Amino acid sequence: MNSSHNPFRFLCAISIILGVSACGSSSVTTTPSVSSSNVASPTASPSNIASCADVASALELSWGQSQGAAGTEYRVIQVKNISSVPCEIQGSPEVKLFNGDAVTLAEVAAPVNAQPSLTIGPDATLDISIGTANPDNFPAKDCQAAKATKAVVTKLTGATDTWEYGLDVPQSESPWNFCTTAGNTPFFASYELEIN
């Protein structure tokens, strides 16, 4: 979905410990940090900065704090650089939402405001905000509700990145229900670096 969505849509986060996995690698457990209220647009990366894909175990994914406004729920996927050196992300990641039967519910479009490349410094966090329409605020004919149990981020460090980073959605504490009909599909709300 593009930026023509409701302008009041703004992102979110969940303070919760979640499992993060990457296909082909061992699982890790992470503790998400609370998203800072001060955020800035990604900055262009110097050419001498290594790709995050080339820095061993550089990135850690977790959920941020969720919010809602004007019938829209916003969830944040936080990407933190846990290495000791800055690294570069190129292009825009893609996010797929799945249900409990591993059926794809939505493929979230790339953020329209993402720059070709950006640098994430040590301990810095990139927030990927995803907005979804709350089924409680729409008639059934305009919604077609679905419930996500997992989000998978791909192409995180660039178009050639083949790793898949999975995040389970905590069903008992905050199930993620949203609409999937045209005009109410999930969308990127923002793509920003936190200011430390």
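If you add up the charges near N99, with Lys and Arg at +1 and Asp and Glu at -1, over every other residue whose beta carbon is less than 13 angstrom from its beta carbon, what do you get?
Values: positive: K96, K147, K150; negative: D101, D168.
The answer is +1.
Checking every one of the GluC sites (Glu not before Pro) in segment 132-196 against DSSP loop status and a limit of 11 other Cβ atoms within 10 Å picks out E173. FRET efficiency for the I82 to A102 pair, using the beta carbon distance and R₀ = 25 Å, is estimated at 0.30. For segment 117-134, backbone phi angles converted through the Karplus equation (6.51, -1.76, 1.60; θ = phi - 60°) give residue-by-residue couplings of 8, 8, 10, 10, x, x, 6, 7, 10, 9, 9, 9, 9, 10, x, 9, 7, 6 Hz, Gly and Pro being listed as x. With K and R counted +1 and D and E -1, the other residues having a Cβ less than 11 Å from that of Q90 yield a net charge of -1. Where in segment 59-79 does the amide nitrogen come within less than 15 Å of the point 7 Å from the Cα of N137, taken along Cα to Cβ? In segment 59-79, the label zone of N137 (backbone N under 15 Å from the point 7 Å along Cα→Cβ) covers 66-75.
Values quoted throughout were computed directly from the atomic coordinates according to the rules given, and no laboratory measurement underlies them. As the structure is a computational prediction, the values presented were derived from the model and not from experiment. Here Cβ is always computed from backbone atoms with ideal geometry, including for glycine, and neighbour counts include all displayed protein chains.
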